[in-house]
Structure formats: structure tokens, C-alpha cells
Amino acid sequence: MSLLEVRNLSVTFSTEDGLVKAVQDMSFSIDSGETLGIVGESGSGKSVSTQTIVGLTRGARVTGTATFEGRDLLTLSQDQLRTVRGAKIGMIFQDPLSSLHPHYRVGWQIIEMIRAHEDCDKKVARGRALELLKLVGIPQADRRLDDYPHQFSGGMRQRAMIAMALALNPVLLVADEPTTALDVTVQAQIIDLMQRLQSEFGTAIIMITHDLGVVADIANDVMVMYAGKPVEFADRRTVYYQPHHPYTKGLIESIPTTVGGRERLKPIQGQPPSVINLPTGCSFHPRCPYVMDRCLTDVPPLRDVAGSESHRSACWLSVEEIGRGAEVDARREAEAEAWRADGGVAEAVATGEIEGTFIADTMAESSPS
Ligand SMILES: Nc1ncnc2c1ncn2[C@@H]1O[C@H](COP(=O)(O)OP(=O)(O)O)[C@@H](O)[C@H]1O
Ligand code: SF4
Ligand SMILES: [Mg+2]
């Protein structure tokens with residue numbers, strides 16, 4: 001049995017504007033010592049899904065199960081969850097000040113965290129806090145222990161937050177955009193630190209990011225989310241070299257390169273949809289260069305791809321066509337073209353519902369003049 005097994009997780013919020021379908025039918029599992037990357041643009045449900053698992057989404061309607069060490073976390077009371085959060089499941093966020101209180105000394109906060117969960121005296125806890133700051137690479141840790149968070153640089157604060165998340169030896173670490181606010185060099189150091197800690201302690205890590213490049217080196221498996229739903233799932237290498245879903249390919253092509261600064265190679269056109277008013281059929285259809293008529297009406301289910309049970313994708317394109325490169329693209333374009341009649345996509349392009357200029361171009365070329 002996996003350390004954490006999430007099945008059919010759905011999370012909705014009732015708001016004045018309507019029902020927010022933040023997460024729909026998400027399933028995944030993670031074992032000890034493994035890293036799962038959850039990737040998608042802002043608003044795709046990455047944070048809500050993991051926060052729901054640890055009981056941090058109040059007022060949400062939640063269905064599904066999240067079995068952790070044999071118990072369904074979604075059925076636990078807030079009191080029971082408090083013994084899991086922090087102690088068993090550590091959390092790291094984009095903004096260290098969401099975990100580190102600006103008005104208290106860093107060391108004191110780690111010490112209090114340890115003493116809140118474990119019966120040990122102040123001196124022992126202080127020793128542990130010092131060890132932790134050293135472990136995460138804070139120079140002159142004995143002196144920095146009594147600093148306030150604002151006396152730390154951004155990278156050092158992130159390290160301190162990791163120290164705090166590790167204070168109780170969690171078996172699972174949820175890192176939600178842990179490096180987004182940091183520059184590229186510090187980002188690499190933090191990723192490196194997390195990898196080292198993982199190999200030392202066997203901690204499982206869920207790494208949440210909008211940047212597929214961040215999980216490129218460290219994830220075992222990658223789940224790609226779009227508009228609240230998992231759209232592709234596979235091991236890291238497969239996701240990078242043999243992707244099936246056009247959104248995954250778009251994310252790979254838009255990974256920032258270090259060559260020539262942080263220029264984006266090829267951003268995905270358009271914006272993610274509102275999860276209150278999702279597009280019909282495939283949610284990605286207004287932005288997809290391969291959109292076919294059925295994509296406008298039929299929701300694609302997650303299916304096995306290229307005969308592999310461990311590679312799944314929610315897209316109507318042939319499950320045999322995977323990978324990147326001009327040849328596959330050409331075959332997919334031909335397939336998409338064959339499934340566009342006079343109504344459907346042609347009409348959606350004409351009315352501007354579909355934003356892809358690529359499709360508009362190919363349709364202009366293929367239409368008789
Ligand atoms: N408490 C809430 N009430 C209503 N909507 C929410 C709430 N929390 C998050 N959402 C919405 O749920 C969607 C998913 O959010 P989130 O998981 O934070 O996205 P991500 O982490 O992928 O950027 C967004 O549309 C967000 O606005
Ligand atoms: S081809 Fe269709 S189903 Fe696949 S991602 Fe594009 S719009 Fe969605
Ligand atoms: Mg988020």
C-alpha cells in the first residue's frame with residue numbers, strides 16, 4: 001500500500017459568482033522516498049488539492065478519499081488532522097512568511113513547533129533547532145537562531161521554512177511552489193537541498209509548481225493539471241520525451257531557458273478558463289492547436305496511452321501518437337484536420353471562441369477559395 005493514496009478527489013466552493021470547481025476527479029499515489037510533481041498554470045487546482053488533503057480548505061465541498069498510513073484523511077476531525085499536519089506531513093510554501101511569523105525569532109518558532117508536538121525540554125528542542133538550521137545550510141546557525149525572519153535573505157528564509165517543516169521528521173513533505181519567488185541560482189540550491197534531505201531521510205515529496213522545468217530533475221512521476229483536472233500522468237522521462245497531451249507539450253515548450261536570460265520559448269496561447277464557467281467538452285479546446293469537432297462537446301476521459309497503464313492522458317487524439325518533434329506534430333495536425341467538419345471547429349474559429357491562430361491559419365489554407 002502506498003504512503004498516500006488519493007482517489008477521485010473533487011473539491012468545490014460555493015461562491016456568489018457560482019460554483020467553483022477547483023478540483024475534479026483527481027487520483028494519484030505516492031510511496032516513501034518518492035517525488036511526485038504536480039504541474040499546471042496558476043488556478044489549475046494544485047494548491048487546493050493538497051491543502052484539502054491536510055484539512056486546510058474550510059467551507060469546501062469535498063468528495064473522494066485520501067488514504068494516508070491506512071486512514072482516510074478526509075474523514076478526520078480538525079483535532080485529528082492537527083496531529084498529522086506538521087508532524088507527519090510537513091508543508092513548505094512559496095512565501096516563507098506564511099509559516100514563519102515575522103514577529104518571533106526563527107529559532108524560537110522551530111523550538112515551539114517541536115515542543116507543541118513532542119514532550120521535550122527547551123534545551124533539547126533548541127539543540128534540535130540548531131541541528132536543523134545547520135542541516136539546511138544556514139551559515140553560522142548558532143547565531144542566526146536568534147534572528148527574526150526579516151533578517152534572513154529570501155533563500156535563507158526558504159531554508160528556515162524547510163528546517164521547520166522537517167522539525168518533526170515528517171514522512172511526507174508538500175512543497176507548494178517552494179522556489180517560485182527565488183532567483184534561478186537559489187532555486188537550484190533549494191531543489192538540491194530537498195533532494196539531499198530526501199535521500200538521507202527517505203521523505204516522500206509532493207512538489208507543486210507551474211514550471212515543468214522545476215520538476216525536470218527530481219520527480220519520479222509527474223501529474224499535469226488543467227482547469228482542476230489531471231490531464232496527463234506518467235513518469236518524468238515519459239512526460240518530457242513522450243508526452244501525449246497537447247497541454248503538456250505546450251508546458252514543455254514554454255519552459256524558461258537559461259540561454260539568453262529567462263526568455264520563454266513558446267508560450268501557450270490564451271489564458272486558462274474560469275473554473276466556474278468551464279468550456280464544454282475538453283476544457284483545453286479554446287487553446288488547443290489540434291482541436292477537433294468532438295473536443296467541443298465530449299469530455300475526454302483519462303485513458304492509457306501507447307499501451308501503457310502507467311501513462312495516462314485525457315485527450316481525444318490517437319493514443320498511439322506520443323512524443324515531440326515535427327513528424328509527430330504533422331501526423332497529429334493531419335489527424336485533427338480530418339476530424340474537422342464544416343460546423344464545429346470551423347464555426348468556433350469564425351466566432352473567435354477558439355484563440356489558436358494556428359488553427360485559423362490551417363483552416364484558411366484548407367478552405368476552397
Ligand atoms: N476558498 C476558496 N473559495 C473559492 N474559490 C477558491 C478558494 N480557494 C481557491 N479557489 C479557486 O480554486 C481554483 C484553484 O485554485 P488553486 O488550487 O489555488 O490553484 P493553483 O494552486 O493551481 O494556482 C482557483 O480558481 C481559485 O480561485
Ligand atoms: S485535441 Fe481535443 S481533447 Fe485533445 S487537448 Fe486538444 S482539444 Fe482537448
Ligand atoms: Mg497554488
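Worth pointing out:
- Test: residue in the stretch 107-120 that is within 16 Å of ligand 1 (Cβ to nearest atom) and not in a helix (DSSP H, G or I): no
- Here Leu19 does not fit the description of being more than 16 Å from ligand 3 (Cβ to nearest atom) and surrounded by 22 or more Cβ atoms within 10 Å (Cβ to Cβ).
- Residue-level check: of (1) within 16 Å of ligand 3 (Cβ to nearest atom); (2) surrounded by 13 or more Cβ atoms within 10 Å (Cβ to Cβ), Ile111 misses just (1).
- Looking across the stretch 233-248, the residues that are out of contact with any strand residue (DSSP E or B) (no Cβ under 7 Å at 6 or more places or on another chain) and in contact (Cβ under 8 Å) with a residue 12 or more places away in the chain come down to Tyr240, Tyr241, Gln242, Pro246.
- Residue within the stretch 254-271 that is surrounded by fewer than 18 Cβ atoms within 10 Å (Cβ to Cβ), under 26 Å from Glu337 (Cα atoms) and within 15 Å of ligand 2 (Cβ to nearest atom) present: yes
- Test: residue in the stretch 80-89 that is within 27 Å of Val239 (Cα to Cα) and surrounded by 15 or more Cβ atoms within 10 Å (Cβ to Cβ): yes
- For the stretch 239-262, filtered to residues that are hydroxyl-bearing (Ser, Thr, Tyr) and within 17 Å of the chain's Cα centre (by Cα), the residue that is modelled with the lowest pLDDT is Ser254.
- Answer from Asp142, Asp147 - the residue that is among the acidic types (Asp, Glu), touching a helix residue (DSSP H, G or I) at 6+ places or on another chain (Cβ under 9 Å), over 24 Å from Leu81 (Cβ atoms) and in a helix (DSSP H, G or I): Asp142
- The stretch 282-335 - residue that is among the β-branched types (Val, Ile, Thr) and farther than 20 Å from Met26 by Cβ and, of those, nearest to ligand 2 (Cβ to nearest atom): Val291
- Residue match in the stretch 280-293 (condition: among the small types (Gly, Ala, Ser), within 16 Å of ligand 1 (Cβ to nearest atom) and in contact with a Pro (Cβ under 9 Å, 6 or more places away or on another chain)): yes
- Here the strands (runs of 3 or more DSSP E) wholly within the stretch 1-65 that include at least 2 residues being under 14 Å from the mean Cα position of the chain (by Cα) and within 13 Å of ligand 1 (Cβ to nearest atom) are 18-30, 35-39.
- From the list Thr52, Thr57, the lone residue that is within 16 Å of ligand 3 (Cβ to nearest atom), touching a helix residue (DSSP H, G or I) at 6+ places or on another chain (Cβ under 7 Å) and either among the β-branched types (Val, Ile, Thr) or at pLDDT 95 or above (or both) is Thr57.
- Residues in the stretch 27-49 that are small (Gly, Ala, Ser), touching a strand residue (DSSP E or B) at 6+ places or on another chain (Cβ under 6 Å) and within 16 Å of ligand 3 (Cβ to nearest atom): Gly37, Gly40, Ser44, Gly45, Ser47, Ser49.
The values are calculated or read from the model by the stated rules, or taken from the named source; none is laboratory data. Because the structure is a prediction, the values reported are computed rather than measured. Note that each Cβ is placed from the backbone with ideal geometry, even for glycine, and that neighbours are counted across all protein chains shown.
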